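The values are calculated or read from the model by the stated rules, or taken from the named source; none is laboratory data. What you see is a predicted model; the values in this text were computed from it and never measured. Ideal geometry is used to build each Cβ from the backbone, glycine not excepted, and the neighbour counts take in all protein chains shown. Ligands, DNA and RNA are stripped out before the accessible areas are found, and what is left, the full protein with its side chains, is counted by its heavy atoms. Shrake-Rupley method; radii C 1.70, N 1.55, O 1.52, S 1.80 Å.
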Amino acid sequence: MKLFVTGGTGFIGSALVSEALEAGHELALLTREPAAWRLAPFRGKINIIPGSLSDVASFAPALNALRPDCVAHLGWAGVAGADRNNPKQISNIDWSCRLLLAAREAGAKAFISTGSQAEYGPKRGIISPDEITEPTTLYGECKLATFRLLNQLSKNEGMRFAWLRVFSTYGPADHPYWMIPTLIGTLLRGKKPVLTACEQRWDYLHVADAARAILAACESEAGTGVFNLGSGSSPLLRDTVSFIRDQIDPQLPLGFGEIPYRPDQVMHLEADTTRLAHKLGWRPRVALADGLAETVVWYRDNSWIFVG
């Protein structure tokens, strides 16, 4: 399969590149950062197409020459928490729609993209892909609007379309500002992390498992519609935090309860992954304990990420 990927320099995107190459697919990657550090292991194995989602016309000739079978669209401007209500989110809607149309023009028969659990809003408990969507951030609203427009455009253009709503992922090479890397970085410096009481039950999925799910949607004709992408389990966050601490130094203190919960704090977040299992035969392979231990080792060996 010829696969065209956007967002391949990102956390999940680079994991998808790794999984797709291992599966023997031919990859082309759109990027403004051909020297991005996450691409280092794949030098010479992928076709780099310089360009930006903000200017689809600039890379359309290369896309037409490639004639991809499928597009995996993971690129998105403004994923950090601080950007969740930034008006620049709105641009992603237009860029995504233009990409789908360009992909169809280039002969692609399938368009696979990633959404977010933010589309549901602050729901509690096990969330079905059929749950009512009530986003409370501009990020969530724009993801939802993008889904609706891509869904309709794909029908108009006769393309297979899948939308995977990502819950919480973790693993090596994540952005240092998310919760697990921040916790690891603090503990590696021998400092006490300031925490809530951590009574939440939280669904964390290893990035390699997330990538395998996206690739399965690319590969299978059954990859259509909305899927929730999570582990399908929600251990107590206090246990997850304590396990990470114990991997680094069991004697280090943890500041449980030193900061209050937010007024809108969700206490139980878990993805219903039944549809992924039934339609695509996907289930997580990486146990949380194994994945967290691997992640701690990676950050210990790559501590530059906290200051780079």
Requested in this report: Go through (1) part of a loop (DSSP other than H, G, I, E, B); (2) of a type in the set (Gly, Ala, Ser); (3) open to solvent by 30 Å² or more (accessible area, probe 1.4 Å); (4) in contact (Cβ under 8 Å) with a residue 12 or more places away in the chain and name the single condition residue 24 misses.
Outcome: (4)
Requested in this report: Kindly indicate whether residue 17 is over 28 Å from residue 302 (Cα atoms) and at pLDDT 95 or above.
Outcome: no
Report summary line: When the stretch 250-282 is checked residue by residue, the ones that are in a loop (DSSP other than H, G, I, E, B) and either on the phi > 0 side of the Ramachandran plot or without any contact (Cβ under 8 Å) to a residue 60 or more places away in the chain (or both) are 250, 251, 257, 262, 263, 273, 281
Requested in this report: Please enumerate the residues belonging to the stretch 283-308 that are open to solvent by less than 40 Å² (accessible area, probe 1.4 Å) and within 21 Å of residue 240 (Cα to Cα).
Outcome: 291, 292, 293, 295, 296, 299
Query raised in the report: Is it fair to say residue 32 is surrounded by fewer than 14 Cβ atoms within 10 Å (Cβ to Cβ) and of a type outside the set (A, V, I, L, M, F, W, C)?
Result: yes
Report summary line: When (1) in a strand (DSSP E or B); (2) in contact (Cβ under 8 Å) with a residue 40 or more places away in the chain; (3) among the aliphatic types (A, V, I, L, M) are applied to residue 16, the one that fails is (1)
Report summary line: For residue 70, the lone unmet condition from (1) within 20 Å of the chain's Cα centre (by Cα); (2) surrounded by fewer than 16 Cβ atoms within 10 Å (Cβ to Cβ) is (2)
Report summary line: By residue number, the members of the stretch 214-245 that are farther than 22 Å from residue 144 by Cβ, among the aliphatic types (A, V, I, L, M) and not in a strand (DSSP E or B) are 215, 216, 222, 237, 241, 244
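This table checks each residue for (1) assigned to a helix (DSSP H, G or I); (2) open to solvent by 50 Å² or more (accessible area, probe 1.4 Å).
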{"position": "88", "(1), (2)": "yes, yes"}
{"position": "95", "(1), (2)": "yes, yes"}
{"position": "98", "(1), (2)": "yes, yes"}
{"position": "123", "(1), (2)": "no, no"}
{"position": "126", "(1), (2)": "no, yes"}
{"position": "133", "(1), (2)": "no, no"}
{"position": "136", "(1), (2)": "no, yes"}
{"position": "153", "(1), (2)": "yes, no"}
Query raised in the report: For the stretch 88-134, which residues satisfy the criterion of being within 18 Å of the chain's Cα centre (by Cα), closer than 20 Å to residue 265 by Cβ and not hydroxyl-bearing (Ser, Thr, Tyr)?
Result: 117, 118, 119, 121, 127
Report task. Specify the residue that is farthest from residue 239 (Cα to Cα); the eligible residues are those in the stretch 194-213 that are touching a Gly at 6+ places or on another chain (Cβ under 6 Å) and not in a strand (DSSP E or B). Result -> 207
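Specify which of the listed residues (102, 145, 118) is in contact (Cβ under 8 Å) with a residue 24 or more places away in the chain and either open to solvent by 20 Å² or more (accessible area, probe 1.4 Å) or hydroxyl-bearing (Ser, Thr, Tyr) (or both).
Numbers: 102 fails: either open to solvent by 20 Å² or more (accessible area, probe 1.4 Å) or hydroxyl-bearing (Ser, Thr, Tyr) (or both); 118 fails: either open to solvent by 20 Å² or more (accessible area, probe 1.4 Å) or hydroxyl-bearing (Ser, Thr, Tyr) (or both).
The unique qualifying residue is 145.
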Report summary line: Note on the stretch 41-74: residues of a type in the set (Ser, Thr, Tyr), in contact with a helix residue (DSSP H, G or I) (Cβ under 9 Å, 6 or more places away or on another chain) and assigned to a helix (DSSP H, G or I) are 54
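Filtering the stretch 255-282 down to residues that are hydroxyl-bearing (Ser, Thr, Tyr) and in contact with a Gly (Cβ under 9 Å, 6 or more places away or on another chain), which residue is surrounded by the fewest Cβ atoms within 10 Å (Cβ to Cβ)? Please lay out each step first, then the result.
First, pick out the residues of the stretch 255-282 that are hydroxyl-bearing (Ser, Thr, Tyr): 261, 273-274.
Among the residues that remain, those that are also in contact with a Gly (Cβ under 9 Å, 6 or more places away or on another chain) are: 273-274.
Values: 273: 25, 274: 14.
Filtering the stretch 255-282 for residues that are hydroxyl-bearing (Ser, Thr, Tyr) and in contact with a Gly (Cβ under 9 Å, 6 or more places away or on another chain), the one surrounded by the fewest Cβ atoms within 10 Å (Cβ to Cβ) comes out as 274.
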Query raised in the report: Hey, any hits in the stretch 236-252 for a residue that's open to solvent by 30 Å² or more (accessible area, probe 1.4 Å) and touching a strand residue (DSSP E or B) at 6+ places or on another chain (Cβ under 7 Å)?
Result: yes
Requested in this report: Quick one: residue 179 ticks every box in (1) surrounded by 19 or more Cβ atoms within 10 Å (Cβ to Cβ); (2) under 19 Å from residue 12 (Cα atoms) except a single one, so which number is it?
Outcome: (1)
Requested in this report: Can you give me the number of residues within the stretch 155-176 that are without any contact (Cβ under 8 Å) to a residue 60 or more places away in the chain and either surrounded by 18 or more Cβ atoms within 10 Å (Cβ to Cβ) or of a type in the set (A, V, I, L, M, F, W, C) (or both)?
Outcome: 1
Query raised in the report: Quick check, is residue 113 over 20 Å from residue 234 (Cβ atoms), hydroxyl-bearing (Ser, Thr, Tyr), buried (at least 22 other Cβ atoms within 10 Å of the Cβ) and at pLDDT 95 or above?
Result: yes
